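Before any comments, here is the structure.
The values are calculated or read from the model by the stated rules, or taken from the named source; none is laboratory data. All figures in this text were calculated on a predicted structure; none of them were measured in a lab. Don't worry about glycine lacking a Cβ; one is built from the backbone with ideal geometry, like all the others, and counts go over all protein chains shown.
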Amino acid sequence: MTKPVIVVNFKVYREVEGAQALSIAKMCQEVAESSGITIIACPPVTELGYVARNVNIPVYSQNADPHAPGSSTGWMTPSMIKASGAAGTLINHTEHKQPMDMISITAELCRGCGISTIVCADTVELAAKIACFAPDMIAVEPPELIGGDVSVTDANPAVVENTVVSVKNVNKKISVLCGAGVKTGKDVKKALELGADGVLLASGVVKAKDPKAALADLVKYL
Ligand code: G3P
């Protein structure tokens with residue numbers, strides 16, 4: 001996967017229900033194709049397989065659970081995510097947390113079935129601990145900035161820089177993303193200047209009046 005990486009988490013906003021999820025994923029694909037930048041789409045669980053089978057950009061689940069295939073109900077197993085056609089998953093988003101020992105098991109199950117992992121962390125300290133599980137990417141997101149109008153890159157550049165240093169000290173192969181309030185190409189540029197390999201965002205695209213224009217703006221300085 002080429003860097004930088006832009007990850008669009010659709011969350012469970014009303015704007016992504018049903019057919020709208022594929023429509024936003026297609027916009028991600030168009031901008032990825034015209035810009036050459038890697039854009040990963042994270043549709044809601046109900047649309048995961050449908051979206052994954054109908055776009056050619058990487059599609060990730062918004063969550064995976066620490067469960068192997070078998071007799072349990074309603075969980076997102078890494079194995080099912082793989083079978084749906086998705087290429088990876090977010091784990092431990094601040095809006096869908098897992099205890100540390102479960103993060104480790106989930107990441108291991110994902111590795112075992114060949115899907116990529118982006119593990120989220122609220123703090124630099126947590127990001128450094130998660131780095132020991134060797135996920136493919138770690139995304140640092142201060143919860144208080146999520147959904148707001150001020151990008152983490154302006155409100156708290158230190159958390160981005162310090163996460164990059166702490167994670168790469170543990171394992172240089174892990175890509176570091178930052179998120180919360182990221183909305184513009186300027187925010188993405190700043191994230192990269194702070195050492196991040198990309199961004200994780202949601203409302204800047206999903207809630208935008210014109211999501212395609214918002215996506216095009218995100219890649220304009222890359
Ligand atoms: O997963 C992305 C996220 O939590 C940040 O949300 O709306 O601030 O881009 P947002």
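The conditions of being within 11 Å of the ligand (Cβ to nearest atom), modelled with pLDDT of 95 or more, over 15 Å from the mean Cα position of the chain (by Cα) and on the phi < 0 side of the Ramachandran plot are met by residue 150.
The set of residues in region 10-49 being at negative phi, touching a Pro at 6+ places or on another chain (Cβ under 9 Å) and not in a helix (DSSP H, G or I) consists of 10, 12, 13, 17, 37, 38, 39, 40, 41. In summary, residue 58 fulfils each of the numbered conditions (1) surrounded by fewer than 22 Cβ atoms within 10 Å (Cβ to Cβ); (2) farther than 24 Å from residue 218 by Cα; (3) in contact with a Gly (Cβ under 9 Å, 6 or more places away or on another chain) with the single exception of condition (2). For region 183-222, the set of residues classified as of a type outside the set (A, V, I, L, M) and touching a Leu at 6+ places or on another chain (Cβ under 6 Å) consists of 185, 198, listed by residue number. A single entry from 166, 175 fulfils the requirement of being modelled with pLDDT of 95 or more, crowded, with 20+ Cβ neighbours inside 10 Å, of a type outside the set (A, V, I, L, M, F, W, C) and within 16 Å of the ligand (Cβ to nearest atom): 175.
Pairing each residue of region 180-200 that is within 11 Å of the ligand (Cβ to nearest atom) and in a helix (DSSP H, G or I) with any residue that is at pLDDT 95 or above and among the acidic types (Asp, Glu), provided the two are 6+ apart or on different chains, yields C-beta distances under 8 Å for 187/154.
Condition check for residue 141 on (1) among the charged types (D, E, K, R); (2) closer than 17 Å to residue 116 by Cβ; (3) buried (at least 19 other Cβ atoms within 10 Å of the Cβ): one failure, at (2). Which of the numbered conditions does residue 21 fail, given that it passes all the others? Conditions: (1) out of contact with any strand residue (DSSP E or B) (no Cβ under 8 Å at 6 or more places or on another chain); (2) touching a residue at least 60 places away in the same chain (Cβ under 8 Å); (3) surrounded by 21 or more Cβ atoms within 10 Å (Cβ to Cβ). Here residue 21 clears every test but (2). When region 1-40 is filtered for residues that are within 12 Å of the ligand (Cβ to nearest atom) and under 13 Å from the mean Cα position of the chain (by Cα), the ones remaining, listed by number, are 6, 7, 8, 9, 10, 11, 40.
Does residue 115 satisfy the condition of being over 27 Å from residue 156 (Cβ atoms), touching a Leu at 6+ places or on another chain (Cβ under 8 Å) and either surrounded by 18 or more Cβ atoms within 10 Å (Cβ to Cβ) or in contact (Cβ under 8 Å) with a residue 40 or more places away in the chain (or both)? The answer is no for residue 115.
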